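First the structure, in the form of structure tokens, and then the observations on it.
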2 protein chains.
Amino acid sequence: MFAETLKKVIDNVEGGIGSVIMGLDGIPVDSYVRQTDRVDINTIGMEFSFILTQVRKAAESLQVGPCEELSVKAERLLLVVRMLTPQYFIAVALAPEGNFGKCRYLMRLAAPRLVAQL
Amino acid sequence: MFAETLKKVIDNVEGGIGSVIMGLDGIPVDSYVRQTDRVDINTIGMEFSFILTQVRKAAESLQVGPCEELSVKAERLLLVVRMLTPQYFIAVALAPEGNFGKCRYLMRLAAPRLVAQL
């Protein structure tokens, strides 16, 4: 049920590779991958579930309110994460030259539909 | 010597609060703050030096090449980080409604000057 929404995000953004909905405990809810040969989206999600937990602690310590979005650009991967609830997030992997702005926009559009199903 | 370049970034971006150049060990090199009442830029940098170290480990583990940029949007703070060398980064704190795109652009412009002095 989530995969269809994830597919809409990935297939409509230039450079879209894959997306996962996951809990901060690293357990995936659902995922969709367009280019299976490039990355393991669940492994990426798991690595970043730990980092998001650390970011949440930092945000608490700095008293700047809850973390809403995170993005990381590495040499060969662009990762965009959006918190859906305090426990669940959506992560989208893009090629480094992918359309970051459109990705964030589509994730924001998709969020209410995803949240309603969580 | 760094502060002048940091000032140029912060003063030219809507919502700019402050900026710091810091090592991944959490030790600041130089900083500039426009709105002293809002945040402690060194404390923010320190919190994220730890997170950047974790992101670097994740990037290594995922074999996606070195981390180049990281951004975090919390309810009351937008933080944009750019690695300058494998050990040093620049972090810019913006108001959440600040101009993220312009901030990234100005950081990219400033990077060569900062790197040359590190």
Query raised in the report: Counting Lys and Arg as +1 and Asp and Glu as -1, what is the net charge of the other residues whose Cβ lies under 14 Å from the Cβ of residue A:106?
Result: +4
Query raised in the report: If each of residue B:11 and residue A:68 carries a label point 7 Å out from its Cα toward its Cβ, how far apart are those two points in nm?
Result: 2.9
Query - Calculated FRET efficiency for the pair residue B:105/residue A:35, C-beta based, R₀ 22 Å, to 0.05 - result: 0.15
Requested in this report: Please find, in a Gaussian network model of chain A (springs between Cα atoms separated by less than 10 Å), the residue of A:70, A:52, A:62 whose mean-square fluctuation is greatest.
Outcome: A:62
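Which net charge results for the neighbourhood of residue A:68, defined as the other residues with beta-carbon distances under 12 angstrom from its beta-carbon, given Lys and Arg at +1 and Asp and Glu at -1? Each step should come with its number before you reach the end.
Details: positive: A:56, A:82, A:104, A:108, B:73, B:76; negative: A:69, B:75.
Charge balance near residue A:68 sits at +4.
None of the figures in this text is laboratory data; all of them are computed from the coordinates on show. These figures come from a predicted structure and were not determined experimentally. Counting neighbours? That spans all protein chains shown, and the Cβs are built from the backbone with ideal geometry, glycine included.
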